[in-house]
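Undergrad: Right, I'll just put the structure down here and ask away after.
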Amino acid sequence: MGDVGVQINIDGLERAVKNMDSRLAAVEVAVTAVGTQVVAIQSDLVKLQQDFQAMMLEQRRTAALEQATTELVSVRQEMEKRFGNYSKVRNTMIGILQATDAALVRKVTVSTVSEELMISTPDYWLAPVLVALAAWIGNDRDLANRAITEAVKRDNEHTSLTMALICRRNHRTQTSYEWLSRYFATQDAANFDEDSMVYVDAYINGIFGPDEKHLCDEYISHWLDQVREAQDDFDDNEITEWSEYFNKFNVDEGEKFPALRDCVKEFGYINDYLGRVDAVDNISDHFNYISDSEVDHDKLAKEVDKHLMKLVSSDDPKERDLRSQEEYLMAVKACQGNIEAAREVINKRRQAEIEKTMNIVDQLSHVIRDDSQTAPVSQKKTAVSLLRGYINNGYNQYIEEKKAAFPKEIHLELNGWNGTVGEYGDSAALKQSYHASLVQQKAEEAETLAKTNNPKSSFIVAGVFAAIMLLMMIAGVAPLGVIAAIVAIVFVVRGLKKNKGYTQGLAELDEKYTKLQMDGDRKIDDCLTQWQEVKEHAKTASQRAESYFVA
């Protein structure tokens, strides 16, 4: 009875445990479901957050776009209010320049319009220039002089350049040079822009006519001196930069001297020097193309006239703050209210403008080194003529730089053998040394082959098992004797295979080293021949390279 009671209790306990397991399983399912729901809720929250951020970003951009549109109207209204007459003066100046070319406007009309604009624009430098131009057309010398005096007071630099270009346009050569020299006097050699390069180029190529009094030559020389004196090591830096520039013309001599390339330790030094002295043709072709190119003077004159129109159309410095605001607001509109993108656009634009301004020497160097063909050939010729000394000094350093490292003797590396070749190589001695090296290498390989393919140990083992076989047979234990016989046969076969492999390996070694000897002898001969060619070529090529002047 006691046992039955215990059994009943155990059964009840088992049912309770199963019930508990079932409930735990249900709880686990519920927890899993809750976990899944939590993950889903988290995902929804992330998406909701992303959607909210996107909505806020879109609202900010929309607000920025609306604000930019409103402010742009205000800025333009302010520009019109404060500088509206400036635009009228600019448009009138362009109209008069174009009209006088075609002789389509009466002098009295030009005079009346210019005087009215002078009155309505009291502080703008271009207004008195316009009056001076009208007086000039009307042959009123006294009024022209007074107007020019006033224009110079307001803005000496722009007035001088404008008058220089107008006088050039009207073939007043001497007067043009007087104004051009005044403009050159205002320029900073350390901050030279692309427009200034156009005027220097036009001057050097005679677009302003002959400078009989050399009014402008001294300014260019002075600019170059200013840049040089501003840096203690300027000359050395320029020479080094031009020397590095010539590296682009280097020639690779590997194909011409393949044996030296493959077998000589010093080939890098040989290639460095010969690659430079043989670059003369490439350098010559490049600079001859510049010097032999014809300058299209009509095209250059038209380019100068375009710069005149650009000059008289340009904003005055007083307008630039409002123009900068307008540029930024337009960028915001173009970027659909994305303020960060708009600022990046403006910053890149400003940085590009800054990078276009550099000292005159760097500006000239940039023109020569520009491989994009954007710089006119006339500017390249001008730059070469002004930097000739630095270019030639850089070239001389480029040629001489690797000369000292050109070897007086070479060291051959061939299949583990090293040999030295002086001024004249002894082919027989080199080959004898090479052969001795091959003999030693072959002997070492044969020794290794013998160790790995020695049949002696296999035959000894086979003999031992043969003896065991005999003993087993005599003792009447035939099965063990048969096994010993089989093992003995296996080791005999293995020994025979090793012996065959050794014999075959020796034959392959003979073939290998015979080929190495023949190939090596040929390469030694090729190296000696090419070494003599290289020395002779270096002598003649260096003489030619050292006597060459780039510009």
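The values are calculated or read from the model by the stated rules, or taken from the named source; none is laboratory data. It should be emphasised that the depicted structure is a prediction, and the values quoted were computed from it without experimental measurement. For neighbour counting, all protein chains shown are included, and Cβ atoms are generated from backbone atoms with ideal geometry for every residue, glycine included. Keep in mind that these areas ignore ligands, DNA and RNA; they rest on the heavy atoms of the full protein, side chains included. Shrake-Rupley method; radii C 1.70, N 1.55, O 1.52, S 1.80 Å.
Undergrad: Here are the criteria: (1) part of a helix (DSSP H, G or I); (2) surrounded by fewer than 17 Cβ atoms within 10 Å (Cβ to Cβ). Tell me which single one P122 does not satisfy.
TA: In the conditions (1) part of a helix (DSSP H, G or I); (2) surrounded by fewer than 17 Cβ atoms within 10 Å (Cβ to Cβ), P122 misses (1) alone.
Undergrad: Sort through R106, R146 and tell me the only one that's over 51 Å from the mean Cα position of the chain (by Cα), loosely packed, with under 13 Cβ neighbours inside 10 Å and within 30 Å of C167 (Cα to Cα). Reasoning before the result, please.
TA: Working: R146 fails: loosely packed, with under 13 Cβ neighbours inside 10 Å.
Just a single option satisfies the conditions, and that option is R106.
Here is a yes/no grid of residues against (1) of a type in the set (K, R); (2) within 30 Å of E244 (Cα to Cα); (3) open to solvent by 20 Å² or more (accessible area, probe 1.4 Å):
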position	(1), (2), (3)
L387	no, yes, no
Y395	no, yes, no
Y398	no, yes, no
E401	no, yes, yes
A405	no, yes, yes
W417	no, no, no
Y424	no, no, yes
L438	no, no, no
A443	no, no, yes
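Undergrad: Being in a helix (DSSP H, G or I) and surrounded by fewer than 19 Cβ atoms within 10 Å (Cβ to Cβ) is the filter here, so list the residues in the stretch 153-172 that pass it.
TA: Of everything in the stretch 153-172, those that are in a helix (DSSP H, G or I) and surrounded by fewer than 19 Cβ atoms within 10 Å (Cβ to Cβ) turn out to be K153, R154, N156, E157, R169.
Undergrad: Let me ask you something else. Cβ contacts < 9 Å: first residue part of a loop (DSSP other than H, G, I, E, B), restricted to the stretch 129-142; second residue not hydroxyl-bearing (S, T, Y), any location; separation 6+ or different chain. Result?
TA: Once the first residue is part of a loop (DSSP other than H, G, I, E, B) and sits in the stretch 129-142, its partners that are not hydroxyl-bearing (S, T, Y) give G138/K107; G138/V108; G138/V110; G138/A144; N139/K107; D140/A134.
To keep it simple, each residue is scored yes or no on (1) modelled with pLDDT of 90 or more; (2) open to solvent by less than 80 Å² (accessible area, probe 1.4 Å); (3) farther than 18 Å from S313 by Cα; (4) not polar (S, T, N, Q).
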residue: R60; (1), (2), (3), (4): no, no, yes, yes
residue: A63; (1), (2), (3), (4): yes, yes, yes, yes
residue: S74; (1), (2), (3), (4): yes, yes, yes, no
residue: Q77; (1), (2), (3), (4): yes, no, yes, no
residue: K81; (1), (2), (3), (4): yes, no, yes, yes
residue: G84; (1), (2), (3), (4): yes, yes, no, yes
residue: R90; (1), (2), (3), (4): yes, yes, no, yes
residue: G95; (1), (2), (3), (4): no, yes, no, yes
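Undergrad: Could you list, in sequence order, all residues of the stretch 221-271 that are assigned to a loop (DSSP other than H, G, I, E, B) and without any contact (Cβ under 8 Å) to a residue 24 or more places away in the chain?
TA: Matches in the stretch 221-271: Q231, D232, D233, D252, G254, E255, K256.
Undergrad: Starting from the stretch 418-436, take each residue that is without any contact (Cβ under 8 Å) to a residue 12 or more places away in the chain and list its partners that are surrounded by fewer than 17 Cβ atoms within 10 Å (Cβ to Cβ) and not in a strand (DSSP E or B), counting only C-beta distances under 7 angstrom and pairs at least six apart or across chains.
TA: T420/E409
Undergrad: Would a scan of the stretch 31-53 turn up a residue that is open to solvent by 70 Å² or more (accessible area, probe 1.4 Å) and either at pLDDT below 65 or outside any helix (DSSP H, G or I) (or both)?
TA: No; the residues of the stretch 31-53 include none that is open to solvent by 70 Å² or more (accessible area, probe 1.4 Å) and either at pLDDT below 65 or outside any helix (DSSP H, G or I) (or both).
Undergrad: If the requirement is being over 30 Å from S176 (Cα atoms), surrounded by fewer than 14 Cβ atoms within 10 Å (Cβ to Cβ), modelled with pLDDT of 95 or more and not charged (D, E, K, R), which of these qualifies: N271, N288, N247?
TA: Answer to the selection: N247.
Undergrad: Of everything in the stretch 173-190, what is closer than 14 Å to K213 by Cβ, open to solvent by less than 50 Å² (accessible area, probe 1.4 Å), in contact with a helix residue (DSSP H, G or I) (Cβ under 6 Å, 6 or more places away or on another chain) and of a type outside the set (A, V, I, L, M)? Give them in sequence order.
TA: Passing the criteria: S176, W179, F184.
Undergrad: Would you pick out the residues in the stretch 296-338 that are open to solvent by 20 Å² or more (accessible area, probe 1.4 Å), outside any helix (DSSP H, G or I) and out of contact with any Leu (no Cβ under 7 Å at 6 or more places or on another chain)?
TA: Answer for the stretch 296-338, where residues must be open to solvent by 20 Å² or more (accessible area, probe 1.4 Å), outside any helix (DSSP H, G or I) and out of contact with any Leu (no Cβ under 7 Å at 6 or more places or on another chain): D296, S314, D315, C335, N338.
Undergrad: Another one. Looking at A189, A185, A151, A164, which is the one that is in contact (Cβ under 8 Å) with a residue 60 or more places away in the chain and small (G, A, S)?
TA: Working: A185 fails: in contact (Cβ under 8 Å) with a residue 60 or more places away in the chain; A151 fails: in contact (Cβ under 8 Å) with a residue 60 or more places away in the chain; A164 fails: in contact (Cβ under 8 Å) with a residue 60 or more places away in the chain.
Among A189, A185, A151, A164, only A189 is in contact (Cβ under 8 Å) with a residue 60 or more places away in the chain and small (G, A, S).
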